[in-house]
1. Under the definition of Cα pairs under 8 Å and six or more residues apart, what whole-number percent is the relative contact order of segment B:1-109?
2. From Cα pairs below 8 angstrom and at least 6 apart in sequence, can you work out the relative contact order of segment B:3-235, rounded to a whole percent?
3. Under the rule of -39500 (n - 2.57) per DSSP H run of 4 or more residues, summed and divided by the residues of chain A, what mean residue ellipticity at 222 nm is obtained, to the nearest 500 deg cm²/dmol?
4. Over segment A:2-277, what is the relative contact order in whole percent, taking alpha-carbon pairs under 8 Å and six or more residues apart?
5. Would you compute the Debye intensity of segment A:2-277 from its alpha-carbon atoms alone, equal scatterers and no solvent, and pass along log10 I(q)/I(0) at q = 0.07 Å⁻¹ to two decimals?
6. State the Cα centre-to-centre distance between segment B:100-140 and segment A:105-171 in whole Å.
7. What is the antiparallel percent of DSSP beta bridges lying wholly in chain B, to the nearest 5?
8. Can you work out the FRET efficiency for the pair A:PHE104 and A:LEU275, with r the C-beta to C-beta distance and R0 = 25 Å, to the nearest 0.05?
Amino acid sequence: MEQVVANGLYLGAQYALVALGLTLIFGLMNVLNFAHGQMYVLGGFITYAVYGQLGLPFVVAVIASGITLAIIGGFMERFLFRTVIRRSHREESTMLLAAATAFFFDAVILLIFGEKQRGVPKIVKGVFNDFGIILPYDRILVGLLAGAIILGFILFMKYTKPGRAMRALAQDRMAAQLMGVEVNRYTMIGFALGAMLAGFVGGLLATITGINSGIGGPISIKAFMMIMIGGAGVVSGAIAGGFILGMMESVGLTVLRQYGDVTYLVIFAALMVFLSIRPNGLMGKPWG
Amino acid sequence: MAQILNFANVDLYYERVYALKNVSLTVNEGETVALIGANGAGKSSILRAITGLRKIKSGEIHYDGRRIDGASPAELVRQGIAMVPEGRHVFPYMTVKDNLLMGAFTRSDKAGIARSLDMVLTRFPRLKERYSQAAGTMSGGEQQMMVIGRALMAKPRLLLLDEPSLGVAPKLVQDIARSIVAINRDERVSVLLVEQNSRMALRISHRAYALATGSIALSGASADLLKDDRVKSLYLGGDL
């Protein structure tokens, strides 16, 4: 039991970070970023290259993942999404654009890093074994780092000027404009920040599960599930969704083990029932 | 008195339909000017043109001697134009405090912001009681007070108010009207007020313009317009 909860918390922290980035971009721009999973994969490969290949410290590698993705995200907003949003008022246009970027990233990752599953050396050795919990120390460390980043993100959104500006933009675009918030600037910062979070998680998880070019799509789908559970565009919803999915996965893998690989089948079925009862998710806004 | 706003010969179109045709008006320093007229007459379009939310097709807008048409909303806030939009547009999930601080987004003088916050909370004591509450959970009247306070946090010299009495309980309309008068008098803010409640607007303003289908039909001192027969029948519903 303790084991299941510990696994769930560890997974949930990672998932929540992925969902936070996705929900931030959605809340600011009304864009469903289908390329979010690919951003995660890119972050993983950058940590693989910097830590695994070049041998620089792990922390440096994760920061490099985050910063590279932030830059890529900023460029994506500035040159792709902003252009399309200015010219087209149809939501399908940005959805198509996001899907296309996802395929593009998949191809680029495959070209640069190949199709092999890549791992990196363990960041810390040893296993925690007490209170009925068996958890390798590297998982604990990665879980704590993810928790620290989540906390940092919340504080940033709550107490800094750019954070307030982005919350204002997400809640009422026109009013934010009237307060003097430069829409273009803060939308770009938001997109970069969302991408950076994906890069961080990719880097963190590369040390645990390794990384391969094919998992971008599945990660995107998981991220969408999380924000469906929590409610799209809401920070607390993304965190809740991440931890709920992490916990369900952890419970499912334990309880349903004897039936084979059915955890996600059950989760999807449960999600369908849940959404038919609460279509806006746990904390979703009724209008979006 | 010096002109703070000169809105000259402005045409404004939504797609191909015109909303304003050759509209000219002025606001002098220290004045409260009302824009009255039916739904769709173009009152709100004038405010949107001033704040840069809508681009004008022709004409010129001058504020404080400078030409401002084409400037971004952010730039205009910095220059001292604040707008309270129709339908309030509070940030629903932010506290009253954060909403008010958003009003001072373009300012960086900490002491000045604290003074403005103090002034707003003194003027609207109700906001003090609701200080840490999410703005979306307040009543319409309270939200209206808050967005007026939020606009004042920018320390504006020209305050644009779009339908401040809309969706507000009748009892509170009086309060809001009184605070507009007080703000205009005490804070040395010129006010351009758009209102469907024409009677209220004419009572609290110095001058007024009456709009009909995108053009100015009448203008003059508000006290005179209140007695004008055409205004009475068209905008005040006959009985006064």
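1. 24 percent
2. Relative contact order of segment B:3-235: 28 percent.
3. Values: 12 runs with 202 residues, N = 288.
Dividing the helical sum by the residues of chain A leaves -23500 deg cm²/dmol.
4. 42 percent
5. Debye intensities relative to I(0), on a log10 scale: -0.25.
6. If we compute the Cα centre of each part, the gap is 36 Å.
7. Details: 22 of 40 bridges.
Around 55 percent antiparallel, to the nearest 5.
8. For R0 = 25 Å, the calculated efficiency reads 0.25.
Read the figures in this text as sums done on the coordinates, not as results from a lab. It should be emphasised that the depicted structure is a prediction, and the values quoted were computed from it without experimental measurement. Please note: Cβ atoms are built from the backbone with ideal geometry, for glycine as well, and neighbour counts cover all protein chains shown.
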